[in-house]
Amino acid sequence: MLTNEEIIAELNAIAEAHNGILRPEDVVQAASDPHSPLHPLFDWDDGEAAHKWRLHQARNLIRVCVRYVETPDRERKPCRVFVSLTTDRVSNGGGYRALDDVLRVKSTRDQLLEDAMREAEAFARKYAMLSELAEVHAAISRALAAWRRSLLAGCKV
């Protein structure tokens, strides 16, 4: 069985071979080689249903990859290795990018922040009826307001 780091290394190699974007289709293609370390992680039944299932497995494999990072208070927290940006899903046919790469480039970092804010907003809408989350909802509202102010300040029309 492969370790998390071995899987991440294989996925990084596939992404590098495809302009830094990790697509489930490319993971399945690479893993289809019987000599690939990823090969045993997939079901290899024939047919369209099997192919769709392998794409699903590839997405799950990409999403569960985490590294543990140390926070300023010296606590170790899990952090996803790959992220899916809205812009890639809309204009590039989908795919995932290494979080480290996304954070290094202002445009992709800004897109990740926008995606996070939209997800926070969706979370607040989805769980608005839970009064137990009032403090969370208030924090999300403050963060969204600050983010929107920063966007307006950056426009300077």
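Per-structure values
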item	result
Among 117-125, 56-64, the order from most to least packed when residues are scored by Cβ within 10 Å on average	56-64, 117-125
For the chain, size of Cβ-based charge dipole, Lys and Arg +1, Asp and Glu -1, in debye	960 debye
Inter-part distance where the range 6-31 and the range 42-71 are each reduced to a Cα centre, Å	11 Å
Per-peptide average of other Cβ atoms within 10 Å, ordering 21-29, 46-54, 97-105 highest first	21-29, 97-105, 46-54
Where only alpha carbons of the chain are counted, the Rg and the Dmax (Å)	18.8, 57
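Readers should treat all values here as calculations from the given coordinates under stated rules, not as data from a laboratory. Computed from a predicted model, the values in this text were never measured in an experiment. No Cβ is skipped: glycine too gets one built from the backbone with ideal geometry, and neighbour counts run over all protein chains shown.
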